[in-house]
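> Below you'll find the structure I mean.
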Amino acid sequence: MFKELDPILHSQLRLAVVSLLIGVKEAEFTFIKEKTNATAGNLSVQIQKLKDVGYIEVEKQFKDNYPLTTCSITKKGVEAFEKYVKALQSYLDAGKK
Amino acid sequence: MEKEISAQQSLEIIEGMINKAKNKFSDNSFLYLLWGWVIFICSVGHFIMIKFSLFNNPEYIWAATWVAVIYQIIYLVKQGKKETVKTYTDEVINYLWVSFGISMFIITVILGRGNTWITLYPIILMMYGTPTFLSGVIMRFTPLKVGGICCWCLAIAATFTPSLYVLLLLALAVVTAWIIPGYLLKVKYKKDNV
(Lines give C-alpha, C1' and ligand atoms only; values in the text may rest on other atoms or scores of the structure.)
Protein backbone atom coordinates (compact mmCIF):
# COMPACT_ATOMS: atom_id res chain seq x y z
CA MET A 1 0.00 0.00 0.00
CA PHE A 2 1.46 3.37 -1.06
CA LYS A 3 1.57 6.24 1.34
CA GLU A 4 -0.03 9.24 -0.23
CA LEU A 5 2.37 11.98 -1.29
CA ASP A 6 1.58 15.37 0.19
CA PRO A 7 0.16 17.33 -2.78
CA ILE A 8 1.52 20.59 -1.37
CA LEU A 9 5.08 19.27 -1.47
CA HIS A 10 4.68 17.13 -4.57
CA SER A 11 5.23 20.04 -6.90
CA GLN A 12 8.52 20.99 -8.50
CA LEU A 13 8.93 24.53 -7.21
CA ARG A 14 7.34 24.13 -3.78
CA LEU A 15 9.47 21.06 -3.12
CA ALA A 16 12.56 22.98 -4.23
CA VAL A 17 11.75 25.87 -1.87
CA VAL A 18 11.17 23.59 1.12
CA SER A 19 14.31 21.52 0.37
CA LEU A 20 16.33 24.70 0.24
CA LEU A 21 14.87 26.11 3.46
CA ILE A 22 15.35 22.85 5.35
CA GLY A 23 19.12 23.38 5.37
CA VAL A 24 19.26 27.05 6.34
CA LYS A 25 18.00 29.22 9.17
CA GLU A 26 16.33 31.74 6.88
CA ALA A 27 16.66 32.90 3.31
CA GLU A 28 15.64 36.00 1.41
CA PHE A 29 13.32 35.85 -1.57
CA THR A 30 16.18 36.79 -3.93
CA PHE A 31 18.31 33.88 -2.68
CA ILE A 32 15.48 31.38 -3.20
CA LYS A 33 14.75 32.83 -6.65
CA GLU A 34 18.39 32.53 -7.66
CA LYS A 35 18.77 28.94 -6.44
CA THR A 36 15.48 27.65 -7.86
CA ASN A 37 15.72 29.55 -11.17
CA ALA A 38 12.04 30.43 -10.81
CA THR A 39 10.30 33.57 -11.99
CA ALA A 40 9.40 36.08 -9.29
CA GLY A 41 5.69 35.75 -10.04
CA ASN A 42 5.53 31.98 -9.86
CA LEU A 43 7.74 31.88 -6.78
CA SER A 44 5.54 34.39 -4.96
CA VAL A 45 2.46 32.27 -5.65
CA GLN A 46 4.12 29.06 -4.44
CA ILE A 47 5.55 30.73 -1.33
CA GLN A 48 2.09 32.02 -0.49
CA LYS A 49 0.68 28.48 -0.80
CA LEU A 50 3.38 27.10 1.51
CA LYS A 51 2.67 29.90 3.95
CA ASP A 52 -1.09 29.25 3.86
CA VAL A 53 -0.62 25.63 4.96
CA GLY A 54 1.84 26.72 7.66
CA TYR A 55 4.94 25.00 6.21
CA ILE A 56 6.94 28.19 6.04
CA GLU A 57 7.00 31.53 7.77
CA VAL A 58 7.26 34.67 5.69
CA GLU A 59 8.45 37.95 7.10
CA LYS A 60 8.11 41.14 5.11
CA GLN A 61 10.30 44.12 5.93
CA PHE A 62 11.87 47.07 4.22
CA LYS A 63 15.59 47.36 3.62
CA ASP A 64 16.90 50.63 2.19
CA ASN A 65 13.37 51.43 0.99
CA TYR A 66 13.07 48.14 -0.89
CA PRO A 67 10.67 45.41 0.21
CA LEU A 68 12.48 42.45 1.68
CA THR A 69 10.87 39.04 2.07
CA THR A 70 12.54 36.51 4.33
CA CYS A 71 11.37 32.90 4.51
CA SER A 72 12.08 30.18 7.02
CA ILE A 73 10.73 26.68 7.49
CA THR A 74 8.36 25.96 10.40
CA LYS A 75 8.21 22.88 12.63
CA LYS A 76 5.11 21.80 10.73
CA GLY A 77 7.06 22.23 7.48
CA VAL A 78 9.94 20.07 8.72
CA GLU A 79 7.51 17.33 9.80
CA ALA A 80 5.69 17.45 6.45
CA PHE A 81 9.01 17.26 4.61
CA GLU A 82 10.16 14.25 6.63
CA LYS A 83 6.84 12.51 6.02
CA TYR A 84 7.09 13.29 2.32
CA VAL A 85 10.61 11.84 2.08
CA LYS A 86 9.47 8.66 3.86
CA ALA A 87 6.53 8.28 1.48
CA LEU A 88 8.89 8.86 -1.43
CA GLN A 89 11.16 6.12 -0.11
CA SER A 90 8.30 3.63 -0.02
CA TYR A 91 7.48 4.51 -3.64
CA LEU A 92 11.05 4.01 -4.76
CA ASP A 93 11.44 0.79 -2.75
CA ALA A 94 8.24 -0.56 -4.32
CA GLY A 95 9.63 0.32 -7.75
CA LYS A 96 12.75 -1.74 -7.12
CA LYS A 97 10.83 -4.88 -6.14
CA MET B 1 0.86 25.60 -14.59
CA GLU B 2 2.35 23.00 -12.30
CA LYS B 3 4.25 20.15 -13.88
CA GLU B 4 3.68 16.55 -12.81
CA ILE B 5 6.79 15.10 -11.25
CA SER B 6 7.83 11.51 -10.65
CA ALA B 7 9.19 10.18 -7.37
CA GLN B 8 12.65 10.01 -8.95
CA GLN B 9 12.45 13.65 -10.01
CA SER B 10 11.32 14.63 -6.52
CA LEU B 11 14.39 12.98 -5.10
CA GLU B 12 16.62 14.82 -7.57
CA ILE B 13 15.05 18.17 -6.65
CA ILE B 14 15.58 17.53 -2.94
CA GLU B 15 19.18 16.42 -3.47
CA GLY B 16 19.97 19.35 -5.76
CA MET B 17 18.54 21.96 -3.41
CA ILE B 18 20.18 20.53 -0.30
CA ASN B 19 23.52 20.57 -2.13
CA LYS B 20 23.04 24.21 -3.07
CA ALA B 21 22.56 25.21 0.56
CA LYS B 22 25.10 22.92 2.17
CA ASN B 23 28.65 24.09 2.82
CA LYS B 24 27.58 27.61 2.12
CA PHE B 25 29.61 29.91 4.32
CA SER B 26 29.77 33.63 4.39
CA ASP B 27 33.11 35.03 3.32
CA ASN B 28 34.56 35.86 6.73
CA SER B 29 38.19 35.90 5.55
CA PHE B 30 38.22 39.67 5.98
CA LEU B 31 37.79 39.39 9.75
CA TYR B 32 40.59 36.84 10.09
CA LEU B 33 42.87 39.12 8.11
CA LEU B 34 41.81 42.28 9.97
CA TRP B 35 42.49 40.75 13.38
CA GLY B 36 45.53 38.83 12.18
CA TRP B 37 47.24 41.96 10.92
CA VAL B 38 46.16 44.19 13.82
CA ILE B 39 47.50 41.76 16.45
CA PHE B 40 50.62 41.10 14.35
CA ILE B 41 51.45 44.82 14.06
CA CYS B 42 50.66 45.47 17.76
CA SER B 43 52.77 42.60 19.07
CA VAL B 44 55.76 43.23 16.77
CA GLY B 45 55.46 47.00 17.38
CA HIS B 46 55.30 46.44 21.15
CA PHE B 47 58.38 44.19 20.96
CA ILE B 48 60.39 46.72 18.91
CA MET B 49 59.48 49.61 21.21
CA ILE B 50 60.56 47.70 24.34
CA LYS B 51 63.70 46.27 22.75
CA PHE B 52 64.94 49.65 21.54
CA SER B 53 63.36 51.65 24.42
CA LEU B 54 61.50 53.88 21.98
CA PHE B 55 58.55 54.95 24.18
CA ASN B 56 57.70 55.10 27.85
CA ASN B 57 54.35 53.38 27.39
CA PRO B 58 54.77 50.92 24.54
CA GLU B 59 51.65 49.02 25.64
CA TYR B 60 49.54 51.90 24.34
CA ILE B 61 49.95 50.39 20.88
CA TRP B 62 47.22 47.89 21.88
CA ALA B 63 44.70 50.72 21.74
CA ALA B 64 44.66 49.89 18.01
CA THR B 65 42.52 46.87 18.90
CA TRP B 66 39.69 49.23 19.93
CA VAL B 67 39.85 50.85 16.50
CA ALA B 68 39.64 47.37 15.00
CA VAL B 69 36.58 46.57 17.18
CA ILE B 70 34.78 49.70 15.91
CA TYR B 71 35.77 48.94 12.33
CA GLN B 72 34.54 45.37 12.73
CA ILE B 73 31.15 46.50 14.02
CA ILE B 74 30.68 48.82 11.02
CA TYR B 75 31.81 46.05 8.67
CA LEU B 76 29.43 43.47 10.19
CA VAL B 77 26.43 45.80 10.00
CA LYS B 78 27.17 46.50 6.31
CA GLN B 79 27.82 42.84 5.59
CA GLY B 80 24.61 41.76 7.35
CA LYS B 81 22.62 43.93 4.96
CA LYS B 82 24.20 42.20 1.97
CA GLU B 83 23.60 38.62 3.14
CA THR B 84 20.61 36.96 1.50
CA VAL B 85 20.72 33.75 3.51
CA LYS B 86 21.49 32.78 7.08
CA THR B 87 22.79 29.29 7.70
CA TYR B 88 23.00 27.47 11.02
CA THR B 89 26.74 26.99 10.63
CA ASP B 90 27.30 30.72 10.16
CA GLU B 91 25.29 31.34 13.30
CA VAL B 92 27.25 28.80 15.35
CA ILE B 93 30.56 30.25 14.16
CA ASN B 94 29.42 33.80 14.95
CA TYR B 95 28.40 32.89 18.48
CA LEU B 96 31.63 30.97 18.95
CA TRP B 97 33.62 34.15 18.24
CA VAL B 98 31.27 36.30 20.33
CA SER B 99 31.85 34.00 23.31
CA PHE B 100 35.58 34.14 22.61
CA GLY B 101 35.46 37.96 22.65
CA ILE B 102 33.56 37.98 25.95
CA SER B 103 35.93 35.42 27.51
CA MET B 104 38.96 37.45 26.41
CA PHE B 105 37.50 40.55 28.04
CA ILE B 106 36.79 38.71 31.29
CA ILE B 107 40.25 37.09 31.36
CA THR B 108 41.86 40.51 30.93
CA VAL B 109 39.82 41.92 33.82
CA ILE B 110 40.58 38.94 36.09
CA LEU B 111 44.33 38.90 35.39
CA GLY B 112 44.48 42.70 35.49
CA ARG B 113 43.07 42.75 39.02
CA GLY B 114 45.37 40.00 40.21
CA ASN B 115 48.45 41.72 38.77
CA THR B 116 49.49 38.48 37.15
CA TRP B 117 50.18 39.90 33.70
CA ILE B 118 53.03 37.46 33.21
CA THR B 119 50.52 34.64 32.65
CA LEU B 120 48.34 36.75 30.35
CA TYR B 121 50.09 35.91 27.07
CA PRO B 122 50.14 32.11 27.40
CA ILE B 123 46.45 32.26 28.35
CA ILE B 124 45.67 34.54 25.39
CA LEU B 125 47.47 32.09 23.09
CA MET B 126 45.50 29.19 24.49
CA MET B 127 42.28 31.18 24.05
CA TYR B 128 43.14 31.99 20.40
CA GLY B 129 43.44 28.29 19.72
CA THR B 130 39.93 27.24 20.76
CA PRO B 131 37.64 29.24 18.42
CA THR B 132 40.17 28.93 15.59
CA PHE B 133 40.33 25.14 15.86
CA LEU B 134 36.56 24.79 16.27
CA SER B 135 35.83 27.07 13.30
CA GLY B 136 38.11 24.82 11.27
CA VAL B 137 36.17 21.75 12.43
CA ILE B 138 32.75 23.29 11.70
CA MET B 139 33.80 24.60 8.28
CA ARG B 140 35.89 21.49 7.51
CA PHE B 141 38.79 23.81 6.76
CA THR B 142 42.14 22.28 7.72
CA PRO B 143 44.31 25.47 7.76
CA LEU B 144 42.19 26.81 10.65
CA LYS B 145 42.50 23.53 12.54
CA VAL B 146 46.28 23.60 12.09
CA GLY B 147 46.32 27.27 13.15
CA GLY B 148 44.41 26.42 16.33
CA ILE B 149 46.83 23.63 17.19
CA CYS B 150 49.78 25.99 16.58
CA CYS B 151 48.27 28.45 19.09
CA TRP B 152 48.07 25.73 21.74
CA CYS B 153 51.67 24.66 21.14
CA LEU B 154 52.81 28.28 21.31
CA ALA B 155 50.85 28.71 24.58
CA ILE B 156 53.00 25.95 26.13
CA ALA B 157 56.17 27.40 24.56
CA ALA B 158 55.27 30.85 25.93
CA THR B 159 55.43 29.63 29.52
CA PHE B 160 59.13 28.79 28.97
CA THR B 161 59.98 31.98 27.06
CA PRO B 162 61.23 35.30 28.52
CA SER B 163 58.25 37.65 28.60
CA LEU B 164 59.63 40.10 26.00
CA TYR B 165 59.95 37.34 23.37
CA VAL B 166 56.46 36.06 24.05
CA LEU B 167 55.29 39.04 21.99
CA LEU B 168 56.97 37.45 18.99
CA LEU B 169 55.23 34.14 19.72
CA LEU B 170 51.95 36.05 19.69
CA ALA B 171 52.83 37.46 16.26
CA LEU B 172 53.72 33.95 15.05
CA ALA B 173 50.42 32.62 16.43
CA VAL B 174 48.29 35.10 14.48
CA VAL B 175 50.27 34.41 11.30
CA THR B 176 49.53 30.67 11.56
CA ALA B 177 46.01 30.92 12.99
CA TRP B 178 44.48 33.90 11.18
CA ILE B 179 46.65 35.49 8.49
CA ILE B 180 47.56 32.37 6.47
CA PRO B 181 44.10 30.73 6.85
CA GLY B 182 42.52 34.14 6.10
CA TYR B 183 44.20 34.38 2.70
CA LEU B 184 43.50 30.69 1.95
CA LEU B 185 39.85 31.19 2.93
CA LYS B 186 39.59 34.14 0.56
CA VAL B 187 40.90 32.00 -2.30
CA LYS B 188 38.55 29.13 -1.36
CA TYR B 189 35.51 31.41 -1.21
CA LYS B 190 36.30 32.88 -4.62
CA LYS B 191 36.77 29.40 -6.08
CA ASP B 192 33.52 28.08 -4.54
CA ASN B 193 31.49 31.02 -5.81
CA VAL B 194 32.65 31.19 -9.43
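The values are calculated or read from the model by the stated rules, or taken from the named source; none is laboratory data. Because the structure is predicted, anything quoted here is derived from the model rather than measured. All Cβ positions, even for glycine, are placed from backbone atoms using ideal geometry, and neighbour counts span all protein chains on display. The protein model used for the area step is the full one, side chains on, heavy atoms only, and it has no ligands, DNA or RNA in it. Shrake-Rupley method; radii C 1.70, N 1.55, O 1.52, S 1.80 Å.
> Using every Cα-Cα pair within the range B:28-192, state what percent have a distance larger than 28 Å.
22 percent
> Tell me: how much accessible area in total is hidden between B and A, 1.4 Å probe, Å², nearest 100?
2400 Å²
> So how long is each side of the protein assembly as shown along the principal axes, counting just the alpha-carbon atoms, biggest first, in Å?
On the principal axes, the protein assembly as shown reaches 81, 50, 36 Å in Cα extent.
> Let me ask another. On the accessible surface of the range B:21-70, probed at 1.4 Å, how many percent belong to carbon and sulfur atoms?
Roughly 72 percent of what the probe reaches on the range B:21-70 is carbon or sulfur.
> Put +1 on the Cβ of each Lys and Arg and -1 on the Cβ of each Asp and Glu in the range B:28-192; which of B:155, B:35, B:167 then has its Cα farthest toward the positive end of the dipole?
Looking along the dipole axis, the top candidate is B:35.
> Still on this structure, I have one more. Could you give the dipole magnitude of chain A about its Cα centre, charging the beta-carbon of Lys and Arg +1 and that of Asp and Glu -1, in debye to the nearest 20?
Using Cβ point charges on Lys, Arg, Asp and Glu, chain A gives about 260 debye.
> Report, in degrees rounded to the nearest 10, the 0 to 90 angle that the Cα long axis of helix A:12-22 makes with the longest principal axis of chain A.
Computed tilt is about 80 degrees.
> Also, I was wondering about something else. According to the square roots a ≥ b ≥ c of the eigenvalues of the Cα gyration tensor, what is the shape class of the range B:3-83, taking rounded for a/c under 1.5, prolate for a/b larger than b/c otherwise, and oblate for the remainder?
It is prolate, given that a/c is not under 1.5 and a/b is the larger ratio.
> I would also like to ask the following. Give the Cα extents of the range B:75-146 along the principal axes, in whole Å, largest first.
The Cα atoms of the range B:75-146 stretch 47, 28, 17 Å along the principal axes, largest first.
> How far, in degrees from 0 to 90, does helix B:29-51 lean away from the longest principal axis of the Cα atoms of chain B, to the nearest 10?
Roughly 10 degrees between the two axes.
> Given the options A:16, A:92, A:30, identify the residue whose Cα lies farthest towards the positive end of the charge dipole of chain A (+1 on Cβ of Lys, Arg; -1 on Cβ of Asp, Glu).
Of the listed residues, the answer is A:92.
> For helix B:7-21, report the angle its Cα long axis makes with the longest principal axis of the Cα atoms of chain B; keep it between 0 and 90° and round to the nearest 10°.
20 degrees
> Listed here are the pairs A:51/B:81; A:49/B:22; A:75/B:191; A:75/B:24; A:76/B:186; A:63/B:86; which of them are more than 28 Å apart at the Cα?
Beyond 28 Å: A:75/B:191; A:76/B:186.
> For the range A:1-79, just the Cα atoms, rotate onto the principal axes and tell me the three extents in Å, largest first.
Here the spans come out as 53, 25, 21 Å, largest first.
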